[in-house]
Amino acid sequence: MRHIFIINPTAGKRKLQSVIIAEVKRIFAPRSDYEIFITSREDEAREIALREAEKGDEVRFYACGGEGTVFEILNGMVTFPNASLTNVPCGSANDFLKFFGDKQAFLNIEDLVDGVPIKLDLIKANEFYCINQCSVGMDAIVAREMQIFKNWPLVSGSMAYKLAVIKVFLGKIGLKINIKVDDTNKGLKDCLFAVCANGPVYGGGYTSAPRANPLDRRLDYLIVENMSKLEILSYLKKYEKGTHIELEKCEYGNCTSMVISADKPFPLNLDGEIIMRDRAEFEIIKDGVQFIVPKGVAEALNVEIPKKDLILS
């Protein structure tokens, strides 16, 4: 099996990349079954993943970056059964890994090389694939603004999100969209935002879908009605902790598909990547990707661990 490390040199605060390169070279010093690629432009990670997966042999991709790096690599390799994926967290948030507990476990390259493959669900979002969450409304606009703030010196991922919230909060809030969940038409809604989730956390630590689980073969959805700015201030505190889903203006549940449409294009958040669309179609892809986790993480999840001679290494 080949081990492909794709490093985004601009991810997060850019401190870990040189450490990762040195560690990879140390671990693989007596071996030749690995390559390191350092991206220099947008979409290059996807192109590398597609090219390497197309070769047909067994290959494991290590996304050394944040959500954007994972998103690009996933969309390059997702349709290839010979390819698997993991994430070395170098980004400002790496929110998806928080589902597994301490994301620091994924910084141990050696543990990932000897890691356990597990099947995770995915979200098919129009022509893209997502591993964590998709959303529209206030938080999609916030995600767009967050890209600016997270590059400021001394600003963490969570702080970048909060600064973006403040900026958006000062403008016009609310989005009128048509929503369909599975076969139920919810009609036209004036929404603060709507979320389709595979994992529980996004936006630098906001638990928007506290019950979401990428192993349970279903998606979680959240529809939040528009509200006054005074109400929003109180709501966001609960939203961060994941205690918002029982509130009167929130509808939360499970689904296998969700469709959102509007009369004009709106920002659509796909694992932190923002595109403009007037229609978003989400559907679950069960067991959509083989994801590699450290053995200790697999044990904590009660995931069956293959016998030693079957572990990919």
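The values are calculated or read from the model by the stated rules, or taken from the named source; none is laboratory data. If you're wondering where the values come from, they're calculated on a predicted model, not measured in any experiment. FYI the Cβ positions are ideal-geometry reconstructions off the backbone, even for glycines, and counts take in every protein chain you see. Accessible surface areas use protein heavy atoms only, side chains included; no ligands, DNA or RNA. Shrake-Rupley method; radii C 1.70, N 1.55, O 1.52, S 1.80 Å.
Structure notes:
- In order through the range 257-265: 3J(HN,Hα) via Karplus (6.51 cos²θ - 1.76 cosθ + 1.60), integer Hz, x for Gly, Pro: 8, 7, 10, 10, 9, 8, 6, 9, x
- The range 23-73: trypsin sites (Lys or Arg not before Pro) in DSSP loop, at most 10 other beta carbons within 10 Å: 31, 41
- Part-to-part distance (alpha-carbon centres) for the range 51-104 and the range 192-216, which is given in Å: 19
- Relative contact order, whole percent, for the range 1-152 stands at 24, derived from Cα pairs under 8 Å and 6 or more residues apart.
- In sequence order, the range 75-81 has phi-based couplings of 6, x, 10, 4, 8, 9, x Hz under the Karplus curve 6.51 cos²θ - 1.76 cosθ + 1.60, θ = phi - 60°, and Gly or Pro positions carry x.
- Residue 242 long-range amide H proximity, modeled H, under 5 Å: 207
- Note on residue 108 and residue 286: the model spin-label points, each 7 Å out from Cα along the C-beta direction, lie 3.3 nm apart.
- Listed values for the range 162-172 are Karplus-derived 3J(HN,Hα) couplings in whole Hz (6.51 cos²θ - 1.76 cosθ + 1.60, θ = phi - 60°), namely 5, 5, 5, 4, 4, 4, 5, 4, 7, x, 6, and x replaces Gly and Pro.
- Rounded, prolate or oblate (a/c below 1.5 giving rounded, otherwise prolate when a/b exceeds b/c) for the range 148-283 by Cα gyration tensor: rounded
- Between the amide H of residue 186 and those of 179, 180, 181, distances stay under 5 Å, these residues lying 5 or more places away or on another chain, with hydrogens modeled in the peptide plane.
- Added length on full extension, which subtracts the Cα-Cα distance from 0.36 nm per residue, residue 21 to residue 170: 49.4 nm
- Remark: the chain carries 45 Å² of accessible area per residue (probe radius 1.4 Å; ligands, DNA and RNA excluded).
- Where trypsin sites (Lys or Arg not before Pro) fall in DSSP loop in the range 85-185, at most 10 other Cβ within 10 Å: 172
- For peptides 71-80, 134-143, sequence by mean Cβ density within 10 Å, most packed first: 134-143, 71-80
- Annotation: amide H-H contacts under 5 Å for residue 115 (H modelled 1.01 Å from N, sequence separation of 5 or more, or interchain): none.
- Simple spin-label estimate for residue 184 and residue 54 in nanometres, 7 Å along Cα-Cβ: 4.4
- The chain - percent of accessible surface contributed by carbon and sulfur, probe 1.4 Å: 51
- Shape category assigned to the chain from the gyration tensor of Cα positions, a/c cut at 1.5: prolate
- Listed residue (196, 301, 267) projecting farthest to the positive dipole end of the chain, Cβ model: 267
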